[in-house]
1. How many residues, within the range A:1-34, are within 14 Å of B:E39 (Cβ to Cβ) and out of contact with any helix residue (DSSP H, G or I) (no Cβ under 7 Å at 6 or more places or on another chain)?
2. Just a yes or no: is a residue in the range A:120-137 surrounded by 14 or more Cβ atoms within 10 Å (Cβ to Cβ), modelled with pLDDT of 90 or more and within 13 Å of another protein chain (Cβ to nearest Cβ)?
3. Quick check: anything in the range A:121-131 touching a residue at least 24 places away in the same chain (Cβ under 8 Å) and within 28 Å of A:Y201 (Cα to Cα)?
4. Return the only residue of A:I144, A:I171 being within 11 Å of chain B (Cβ to nearest Cβ) and β-branched (V, I, T).
5. Using the structure shown, decide if A:F86 is in a helix (DSSP H, G or I), surrounded by 16 or more Cβ atoms within 10 Å (Cβ to Cβ) and not assigned by TED's automatic domain parsing to the domain that holds A:T184.
6. Would you check which residues across the range B:1-20 are at pLDDT 90 or above and surrounded by 15 or more Cβ atoms within 10 Å (Cβ to Cβ) and list them?
7. Restricting to the range A:72-116, name every residue that is touching a residue at least 60 places away in the same chain (Cβ under 8 Å) and not charged (D, E, K, R).
Amino acid sequence: MSVLEIKSHIEKETETEIRQILQEAETEAHSIIENAKKKVAAILEEHKQKRTFENLAKERSELAILRMTQKAELTKVKAEWLDRAFEEAEKRLNDFMKDTRSPAHKDFLTGLVVEGAIKMSGSRFVVLADSQVSGFLKKTLKSISKRISEAKGGEIELQLMSKPNTPAGVILQSADRHQYYNNTLEARLSATRQRLGGELYSLLFREGE
Amino acid sequence: MSIEIEELTRLVEEEKRAEHKIEQARRNAEGMIKRAREEANEIMRETESSLASLQAQTHVQKEFEEKKRQIEQEHKRKISSLNKLAEKNLEKAVKIIINDVLGVEY
């Protein structure tokens, strides 16, 4: 091989090696940037998914709180109407109890004593009432005793006791004080509420009647 | 110097120039890779800073706000409807209570 040929060979080999070095470097540089872009795309996608999930969870939680609050408000509105119905009924019943001359009022008082005595066991009872009710019952004590005796199927003994500040209505006690029956207006309203509360609830919010 | 030695010397110099060129190409290649790494780092930094600013933004979800508004309106309508029904049925309920309280059993 001549010197010129060797020189040419060296130049050729050098060019080839330089081209290879630069090509490899270009490939690596391109790969570095492409990898960075892929990483960015993955980070953005992950971030997007995370935000979507967080927003969804936040929305669901807000809606759940809103619905619970609304449910509580509905329950409150319904309970207030039931209270209002009982308040109105109590007001009218108190007016009724003040009308001492009406036959219905007298019948009711008699009925309170008879009902209480029938529901209790035994034959000797004490009726506690305020002075006004006691005054009325005193006049009709014999007939009331007779009605109770007939209903219970045996003689009974009824004693009246005037007790100021007794709520409207009567309280019955057995003579041995072991039993008592609260037949005041207050107790009867409370029993009605317990017994009919659900029915009244439905009635108040029923449509089309 | 004989001709052979002169030629050999030129060849050695040629070899040195070649090595120099290759060395220069390697430096260029390293520079190219270094710039690519810097560019990649810059891309990552920009992404991180844009994510931070995204998180600070208040995300207004119009669709959700609209849904909430509709639920609230529906609730108001329901309350109003319940009040109307109760107003209408109150008297019946009061009468039932009074009848039950006055209805003594004997």
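The values are calculated or read from the model by the stated rules, or taken from the named source; none is laboratory data. Just so it is clear, the structure is predicted and the values come from calculations on it, not from any experiment. Here Cβ is always computed from backbone atoms with ideal geometry, including for glycine, and neighbour counts include all displayed protein chains.
1. 3
2. yes
3. Checked the range A:121-131: no residue is touching a residue at least 24 places away in the same chain (Cβ under 8 Å) and within 28 Å of A:Y201 (Cα to Cα).
4. A:I144
5. yes
6. If the condition is that a residue be at pLDDT 90 or above and surrounded by 15 or more Cβ atoms within 10 Å (Cβ to Cβ), then B:E14, B:A18 are the ones that fit.
7. Matches in the range A:72-116: A:W81, A:L82, A:A85, A:F86, A:A89, A:L93, A:N94, A:M97, A:L109, A:L112, A:V113, A:G116.
Every residue, every condition in (1) modelled with pLDDT of 95 or more; (2) touching a Leu at 6+ places or on another chain (Cβ under 6 Å); (3) at positive phi, yes or no:
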| residue | (1), (2), (3) |
| --- | --- |
| A:K146 | no, no, no |
| A:K152 | no, no, no |
| A:M161 | no, yes, no |
| A:T166 | no, yes, no |
| A:A175 | no, no, no |
| A:Y180 | no, no, no |
| A:S190 | yes, no, no |
